[in-house]
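**Student:** Before I ask anything, here is the structure I am working with.
The values are calculated or read from the model by the stated rules, or taken from the named source; none is laboratory data. Worth saying up front: this structure is predicted, and the values here are computed from it rather than measured. Don't worry about glycine lacking a Cβ; one is built from the backbone with ideal geometry, like all the others, and counts go over all protein chains shown.
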């Protein structure tokens, strides 16, 4: 018998599913545009990108487009979890210098909403090194009635 995951577990599983693509884009391009995925109420995983018509869009504009799309879908009751990944600069716990990181914002219909950060760097040979992630606070609150 297959154990059914809670919506919050599904959101975390989405991060695990999306991280390898972000890492691949970093390895190939040393950057990536924001992207995400959602899980429909039927359990289907759908990957999402965003575009605003500009050749070199600002990341924040794409993040906002994705989050707004998920807020609308959540208000319609058509999704049960969503995640948005984007590139940030942050100061990890215990560090004093800013570092590149992958930020993954996970939200689910059971009220789960957290932001995960995965610091990364490139070694002298250019190989990507992604450190263990940590929770960095609340997510986007996509399913909140006030979202």
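**Student:** Being assigned to a helix (DSSP H, G or I), in contact (Cβ under 8 Å) with a residue 40 or more places away in the chain and closer than 24 Å to residue 118 by Cα is the filter here; which residues of the stretch 66-95 pass it?
**Tutor:** 67, 70
**Student:** Name the single residue, out of those in the stretch 116-130 being touching a residue at least 60 places away in the same chain (Cβ under 8 Å) and closer than 22 Å to residue 36 by Cβ, that is farthest from the chain's Cα centre (by Cα).
**Tutor:** Only one residue tops the list, namely 128.
**Student:** Can you tell which of 123, 138, 100 is farther than 17 Å from residue 10 by Cβ, surrounded by fewer than 13 Cβ atoms within 10 Å (Cβ to Cβ) and modelled with pLDDT of 95 or more? Write out each step before concluding.
**Tutor:** Numbers: 138 fails: modelled with pLDDT of 95 or more; 100 fails: surrounded by fewer than 13 Cβ atoms within 10 Å (Cβ to Cβ).
Unique residue meeting the criteria: 123.
**Student:** Let me ask something additional. Could you run through the stretch 2-41 and say how many residues are at negative phi and in a loop (DSSP other than H, G, I, E, B)?
**Tutor:** Going through the stretch 2-41 one residue at a time, the tally reaches 10.
**Student:** How many residues does the stretch 42-58 contain that are assigned to a loop (DSSP other than H, G, I, E, B) and under 20 Å from residue 15 (Cα atoms)?
**Tutor:** Initially, the stretch 42-58 is screened for residues assigned to a loop (DSSP other than H, G, I, E, B), giving 42-44, 49-58.
The next check asks that each one be under 20 Å from residue 15 (Cα atoms); those that pass are 42-44, 49-50.
Looking only at that region, the number is 5.
**Student:** Right, next: For residue 63, only one of the following conditions fails: (1) surrounded by 18 or more Cβ atoms within 10 Å (Cβ to Cβ); (2) without any contact (Cβ under 8 Å) to a residue 40 or more places away in the chain; (3) in a strand (DSSP E or B). What is its number?
**Tutor:** All conditions pass for residue 63, except number (3).
Condition check ((1) over 18 Å from residue 6 (Cβ atoms); (2) in a loop (DSSP other than H, G, I, E, B); (3) more than 13 Å from the chain's Cα centre (by Cα); (4) in contact (Cβ under 8 Å) with a residue 12 or more places away in the chain) across all residues:
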position: 106; (1), (2), (3), (4): no, no, no, yes
position: 114; (1), (2), (3), (4): no, no, no, yes
position: 132; (1), (2), (3), (4): yes, yes, yes, yes
position: 142; (1), (2), (3), (4): no, yes, no, yes
